[in-house]
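Encoded as structure tokens, the structure appears first; notes follow it.
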Amino acid sequence: MLTLFSYPDLFGVADNNPYGLKVFAFLKLCGLDFRHVHIIGTKAAPRGQLPYIDDDGEILGDSDRIIAHLKQRNRLTIDGDLSREQLRTDLLLRRLLDDLYWVMSYSRWSDDAFWPLFRNEMLKTHAALTPDMLEKAREYNFQRYYYQGVGRYAPGDVYARGLADLGALAEMTPERGFLFSPGPTSADAGLYGFIANIHFFKINTPLKLFMDAHKNLVRHCEESHSKMIAR
């Protein structure tokens, strides 16, 4: 059976990492049978990154590569009606979400105002985790932020970047239906992966406060989430 390996759940969201949740949402929307395995260590993962899948012995990482593989292998038509312009917008959306990822991650692991809340919830939800494990993960993330660049910004500048990303997403997201049509496409799975990891988290970061003030983003998130639960 197809198996998805991803980080643990949190606050009722199937994966507390947006890329793993993106793949999870895609699988659910397409009605594919799969097994979902939550892991913490990344040694077995391609390039040492989660999520990854085992598709009858074929190991694949990177959320975009996974989705492209699944669409081709299973002849999925979820994006079959998209125009060239919409496909181009989908690519630009994914790149924007890549930028938002760093601000979202920074808010949890680096910002002293929110780190204790995130740490305590992880420890409460997952008995296999220890404070030492999370402190080591935090130190590792500090290095990632520094070399990526976001770790060299003042907190206000970090959040300004993420809020600009969310502002663009708010303008793209319709009041009804999904991004490109009345039904969801893979772009909606990607958007859900990120905004669910903001909206459902009981941590009032600037990102969450912004999102919760935009009804169209909240509606898209909650409607997508209901589809995940129903399948």
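The values are calculated or read from the model by the stated rules, or taken from the named source; none is laboratory data. Since the model is a prediction, treat every value here as computed from it, not as a measurement. Counting neighbours? That spans all protein chains shown, and the Cβs are built from the backbone with ideal geometry, glycine included.
What the table shows:
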{"item": "Of residues in the stretch 190-211 being assigned to a helix (DSSP H, G or I) and of a type in the set (A, V, I, L, M), the one surrounded by the most Cβ atoms within 10 Å (Cβ to Cβ)", "result": "ILE195"}
{"item": "Residues that are buried (at least 20 other Cβ atoms within 10 Å of the Cβ) and modelled with pLDDT of 95 or more, drawn from the stretch 212-231", "result": "LEU217, HIS220, CYS221"}
{"item": "The stretch 1-17, residues that are crowded, with 22+ Cβ neighbours inside 10 Å and acidic (Asp, Glu)", "result": "ASP15"}
{"item": "Residue that is among the small types (Gly, Ala, Ser), surrounded by fewer than 18 Cβ atoms within 10 Å (Cβ to Cβ) and part of a helix (DSSP H, G or I), where the choices are GLY156, GLY80", "result": "GLY156"}
{"item": "Residue ID - farthest from the chain's Cα centre (by Cα), chosen from residues in the stretch 47-70 that are exposed (fewer than 15 other Cβ atoms within 10 Å of the Cβ) and not in a loop (DSSP other than H, G, I, E, B)", "result": "GLU58"}
{"item": "Residue, nearest to TYR101 (Cα to Cα), within the stretch 122-148, restricted to residues that are part of a loop (DSSP other than H, G, I, E, B) and free of Cβ contacts under 8 Å to residues at least 24 places away in the same chain", "result": "THR130"}
{"item": "Those residues of the stretch 169-189 which are within 17 Å of the chain's Cα centre (by Cα), in a helix (DSSP H, G or I) and not acidic (Asp, Glu), in sequence order", "result": "LEU169, ALA170, SER186, ALA187, ALA189"}
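So that you can scan it fast, the table gives a plain yes or no per residue for (1) under 21 Å from ALA187 (Cα atoms); (2) free of Cβ contacts under 8 Å to residues at least 24 places away in the same chain; (3) in a loop (DSSP other than H, G, I, E, B):
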residue: LEU4; (1), (2), (3): yes, no, no
residue: TYR19; (1), (2), (3): yes, no, no
residue: LYS22; (1), (2), (3): yes, no, no
residue: ASP33; (1), (2), (3): yes, no, yes
residue: ILE40; (1), (2), (3): no, no, yes
residue: LYS43; (1), (2), (3): no, yes, yes
residue: GLN72; (1), (2), (3): yes, yes, no
residue: LEU96; (1), (2), (3): yes, no, no
residue: ASP111; (1), (2), (3): no, no, yes
